[in-house]
1. Does the range 98-125 hold any residues that are over 14 Å from the mean Cα position of the chain (by Cα) and among the aliphatic types (A, V, I, L, M), and which are they?
2. If you take the residues of the range 15-72 that are of a type in the set (S, T, N, Q) and farther than 16 Å from residue 107 by Cβ, which of them is modelled with the lowest pLDDT?
3. So, residue 99, is that one farther than 22 Å from residue 16 by Cβ and out of contact with any strand residue (DSSP E or B) (no Cβ under 8 Å at 6 or more places or on another chain) or not?
4. Of the numbered conditions (1) assigned to a helix (DSSP H, G or I); (2) more than 21 Å from residue 115 (Cα to Cα), residue 58 fails exactly one; give the number of that condition.
5. Tell me which residues, restricted to the range 49-58, are touching a helix residue (DSSP H, G or I) at 6+ places or on another chain (Cβ under 9 Å) and either surrounded by fewer than 19 Cβ atoms within 10 Å (Cβ to Cβ) or touching a residue at least 60 places away in the same chain (Cβ under 8 Å) (or both).
6. Considering (1) part of a loop (DSSP other than H, G, I, E, B); (2) over 15 Å from residue 113 (Cα atoms); (3) not hydroxyl-bearing (Ser, Thr, Tyr), say which one residue 63 fails and leave the rest.
7. Quick check, is residue 65 within 17 Å of the chain's Cα centre (by Cα) and closer than 26 Å to residue 122 by Cβ?
8. Taking only the range 14-47 into account, find how many residues are outside any loop (DSSP other than H, G, I, E, B) and either without any contact (Cβ under 8 Å) to a residue 24 or more places away in the chain or out of contact with any Pro (no Cβ under 7 Å at 6 or more places or on another chain) (or both).
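The values are calculated or read from the model by the stated rules, or taken from the named source; none is laboratory data. What you see is a predicted model, and the numbers here were worked out from it, not measured in a lab. As a convention, Cβ positions derive from the backbone with ideal geometry for all residues, glycine included, and neighbour counts pool all protein chains shown.
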Amino acid sequence: MSEDNAQFPPLDPVKTGIKGCCPRCGHGQLFDGVLGLKPHCSACGLDYSFADAGDGPAVFVILIVGFIIIGSVLWLQVNYAPPIWVHILLFAPLTIILSLLALRWCKGILIAMQYRHNAREGRLSD
């Protein structure tokens with residue numbers, strides 16, 4: 001980390017990411033809306049232009065939420081055999097809610113880890 005970051009103690013990326021806080025100070029908000037990033041931290045002024053989580057959060061959410069939902073659908077079907085409309089009524093909203101929550105958390109965690117490990121885009125040296 002640079003000299004400017006020396007005054008900030010290292011924060012846990014998981015706790016910071018789940019709360020949606022600044023990865024440097026832990027006080028300012030990281031998100032503007034549901035998934036959009038703010039341009040900078042309102043508390044410490046950290047520029048969030050370094051943050052690029054890419055498709056990583058979406059992949060984790062698809063795997064984790066998909067496992068939970070499909071497992072629940074199979075369990076419900078095997079144990080109670082409800083009609084298809086029950087599955088749709090239960091699992092469509094649950095899938096959307098879990099996906100949105102998990103996507104925000106995963107994106108926050110990946111950005112906090114990116115900051116903590118000083119991850120940058122690869123560059124060829126001159």
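1. Correct list: 119, 124.
2. Going residue by residue through the range 15-72, those that are of a type in the set (S, T, N, Q) are 16, 29, 42, 49, 72.
Still in the list and also farther than 16 Å from residue 107 by Cβ: 42, 72.
Values: 42: 93, 72: 97.
So the residue we want is 42.
3. Details: farther than 22 Å from residue 16 by Cβ: no; out of contact with any strand residue (DSSP E or B) (no Cβ under 8 Å at 6 or more places or on another chain): yes.
No, not satisfied.
4. All conditions pass for residue 58, except number (2).
5. Within the range 49-58, 50, 51, 52, 53, 54, 56, 58 meet the criteria.
6. For residue 63, the exception is condition (1).
7. no
8. We begin by selecting, within the range 14-47, every residue outside any loop (DSSP other than H, G, I, E, B); these are 14-19, 21, 29, 31-32, 36-37, 40, 47.
Pick out the ones that are also either without any contact (Cβ under 8 Å) to a residue 24 or more places away in the chain or out of contact with any Pro (no Cβ under 7 Å at 6 or more places or on another chain) (or both) and you get 14-15, 17-19, 21, 29, 31-32, 36-37, 40, 47.
Number satisfying all stated conditions: 13.
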